[in-house]
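Working notes for the structure below.
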Amino acid sequence: MAPVRTGKSTRTASASQSVAGPSHRKHTRPESIADPSVLPGVQKLKAAVRQTKRLLAKEKLAADVRVTSERKLKSLEADLAKAELSRKERVLSTRYHKVKFFERQKVLRKINQTKRKLSEEDSTTRPTLETELYEHRVELNYINHYPKTKKYVSLFPADVRDDMQQSDLNSMKTDQERDEIKRWIREQMTAQSLPTEPEVIQRSQYKSNQMQWDKKVKKKDKEKEKNYEVVDDAKDDFFEEDEDED
């Protein structure tokens, strides 16, 4: 009976395991640390409020427990109001993100065009162009600092046709809301609570976001390269063992 060679098969199995190792490696997720500044969900807060109210509804309840529960109820109701407000802001932000994006691009183009005209035109037309530039900056602040808890009123609404179901009263109300917010924006710009040149901040924010995005992409590329290097090293060891065995 011929001798049985088991060394190569054992090494081959171990090498194949080392090749498949990175793809089947289990990563242990670090334990999340609760942030006290982050509020729980609205449903959890509502459930806690109902539970506390049921406790307070009991007639035979110790005085110290009642006082503690009443304080807890006030705190829960305040947290619930904050959580509902935050949820409303997220919903409105998502709903009007696309509209704000296109309007922001349009206003930025107008600002750049007006600046270009100011650098080319003579002094006789400068006051008109400066007024136009100021209004465009008001519009950019309008988009960026619109109240988060209110439905967004577009700066450039579509023309209302006769066959559309929209009354003149609603149109007037919308125009009034837009004018009121613009008036508030002008007051904040005069008080320097809002930037007088928002396009400069917009440009710096764009560059910052672009740099952060580039860093994330580079980090992902490096991680992919490391994974490929691990697999390639394992394959090289596998073929080297076969050559040694031959």
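The values are calculated or read from the model by the stated rules, or taken from the named source; none is laboratory data. Computed from a predicted structure; not experimentally measured. Cβ atoms come from the backbone with ideal geometry, glycine included; neighbour counts cover every protein chain shown. Surface accessibility is based on the protein's heavy atoms, side chains included, excluding ligands, DNA and RNA. Shrake-Rupley method; radii C 1.70, N 1.55, O 1.52, S 1.80 Å.
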Query - Q43 being polar (S, T, N, Q), under 17 Å from K74 (Cβ atoms) and at pLDDT 50 or above - result: no
Query raised in the report: For the range 116-140, which residues satisfy the criterion of being in a helix (DSSP H, G or I) and open to solvent by 50 Å² or more (accessible area, probe 1.4 Å)?
Result: R116, K117, S119, E120, R126, P127, T128, E130, T131, E132, Y134, E135
Query raised in the report: Looking at the range 43-61, which of its residues are part of a loop (DSSP other than H, G, I, E, B) and among the hydrophobic types (A, V, I, L, M, F, W, C)?
Result: A57, L61
Query raised in the report: Can you pull out the residues in the range 72-115 that are without any contact (Cβ under 8 Å) to a residue 40 or more places away in the chain, open to solvent by less than 50 Å² (accessible area, probe 1.4 Å) and either touching a Lys or Arg at 6+ places or on another chain (Cβ under 6 Å) or within 30 Å of H136 (Cβ to Cβ) (or both)?
Result: T114
